[in-house]
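Novice: Below are the structure tokens for one structure; questions will follow.
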Amino acid sequence: KCNKAVPTTIGSMPNGTMIVHPDDARPQKGTEPSCRSVRIEYSIERGHQKSYHPHPGKSWIGVAKSAALPYVTEEDKMRLGRLKYAFLNGHVLILKANAFKHVTIAWGSIPHFVSGVGRNERDLARIDAALDNLCIPNFVMEA
């Protein structure tokens, strides 16, 4: 675990929005229909890189990405709160130059489920480990 109370590092992700929707209509794979999940929608508008980005002055095309997470236990709610904190501090998405030297927006070091999710404890542990590695504090977020 991290010895810092609050992370001091700010990621180089461009500004954007993170919207969380309850996703009760879509049960998680391999679980009972009553098992809840949330859909997370990220939106980054087209823009130009600032001095703190990897390729200052170059532009990127806007993007919308979505992910899903289980949302049943207090631990799930805490995981979602930590993801929101990571997003607000620029750690969820990254700017990445592709083979054609175009800058795209890609997932950062925190793994995400991009379709319906099951309660795969190994995958959830990978998310928690990435959040721990970034020293993201624990707090609960209500969907």
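Novice: Please determine whether any residue of the stretch 18-30 is of a type in the set (Gly, Ala, Ser), at pLDDT 65 or above and either closer than 21 Å to Met141 by Cβ or open to solvent by less than 90 Å² (accessible area, probe 1.4 Å) (or both).
Specialist: Within the stretch 18-30, none of the residues are of a type in the set (Gly, Ala, Ser), at pLDDT 65 or above and either closer than 21 Å to Met141 by Cβ or open to solvent by less than 90 Å² (accessible area, probe 1.4 Å) (or both).
Novice: Looking only at residues in the stretch 71-84 that are more than 16 Å from Thr17 (Cα to Cα) and out of contact with any Cys (no Cβ under 7 Å at 6 or more places or on another chain), which one is surrounded by the fewest Cβ atoms within 10 Å (Cβ to Cβ)?
Specialist: Glu74
Novice: Can I ask one more? If you go through the stretch 71-98 one residue at a time, how many are modelled with pLDDT of 90 or more and in contact with a His (Cβ under 9 Å, 6 or more places away or on another chain)?
Specialist: Residues that pass the stated criteria total 3.
Novice: Something else: Just to be sure I understand the filter: pairs with C-beta atoms under 7 Å, separated by 6 or more residues or on different chains, first member in the stretch 72-87 and within 18 Å of Asn15 (Cα to Cα) and acidic (Asp, Glu), second member open to solvent by 10 Å² or more (accessible area, probe 1.4 Å) and at pLDDT 90 or above. Which pairs pass?
Specialist: Between residues of the stretch 72-87 that are within 18 Å of Asn15 (Cα to Cα) and acidic (Asp, Glu) and residues that are open to solvent by 10 Å² or more (accessible area, probe 1.4 Å) and at pLDDT 90 or above, there is no close pair.
Novice: Quick check: anything in the stretch 98-112 over 21 Å from Ser43 (Cβ atoms), in contact (Cβ under 8 Å) with a residue 40 or more places away in the chain and surrounded by 17 or more Cβ atoms within 10 Å (Cβ to Cβ)?
Specialist: No.
Novice: Just for the stretch 31-70: of the residues that are at pLDDT below 85 and in contact with a Leu (Cβ under 8 Å, 6 or more places away or on another chain), which one is surrounded by the most Cβ atoms within 10 Å (Cβ to Cβ)?
Specialist: Among them, the one singled out is Ser37.
The values are calculated or read from the model by the stated rules, or taken from the named source; none is laboratory data. In this text the structure is predicted, and so the values were computed from the model without any measurement. We place every Cβ from the backbone using ideal geometry, glycine too, and count neighbours over all the protein chains shown. When the accessible area is computed, the model is the full protein with side chains, heavy atoms only, and any ligands, DNA or RNA have been set aside. Shrake-Rupley method; radii C 1.70, N 1.55, O 1.52, S 1.80 Å.
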